[in-house]
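Worksheet: the structure to be examined is printed underneath.
The values are calculated or read from the model by the stated rules, or taken from the named source; none is laboratory data. Quick caveat, the model's predicted, so the values are computed rather than measured. Glycine gets a Cβ as well: all are built from the backbone with ideal geometry, and neighbour counts include every protein chain shown. The area values use the complete protein model at the heavy-atom level, side chains included, leaving out ligands, DNA and RNA. Shrake-Rupley method; radii C 1.70, N 1.55, O 1.52, S 1.80 Å.
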Amino acid sequence: MKLNISKNVDITLIDEEAIITNLNNGQFISINYTSYCILDLIKKGKTSFEIIQFMKEKYNIDTSIIEKDYNEFVNSMISIGTVSYTHLRAHET
């Protein structure tokens, strides 16, 4: 499965934070720069493994902590419809 940014959201970076706007209902939330980087990497097609490795190298934090924080963030983004999973076809794996 692959994570994708939903088409009904707009993500705008403003200095060190980003605003996620749901274009269907106008609701918005603010996220920090690190969270924005994760969404940007998802948008660029990076896998969860690649994103976790990038964050580990950038912040020099233990992998288990990054995995926990990453999974919590992704699950929160799924719950509000910002990201979703797409099933890959056999030739895309």
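Structure above, values below:
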| quantity | calculated |
| --- | --- |
| Selection within the range 18-32 - at pLDDT 95 or above and either over 16 Å from Ser79 (Cα atoms) or among the aromatic types (Phe, Trp, Tyr) (or both) | Ala18, Ile19, Asn32 |
| Subset of the range 21-59 (residues that are touching a residue at least 40 places away in the same chain (Cβ under 8 Å) and touching a helix residue (DSSP H, G or I) at 6+ places or on another chain (Cβ under 8 Å)) | Leu39, Ile42, Ser48 |
| Options Ile78, Ile20: the member that is surrounded by 14 or more Cβ atoms within 10 Å (Cβ to Cβ) and touching a strand residue (DSSP E or B) at 6+ places or on another chain (Cβ under 6 Å) | Ile20 |
| Pairs with Cβ under 9 Å, 6+ apart, first in the range 62-79 and closer than 18 Å to Asp40 by Cβ, second charged (D, E, K, R) and open to solvent by 60 Å² or more (accessible area, probe 1.4 Å) | Ile66/Lys56 |
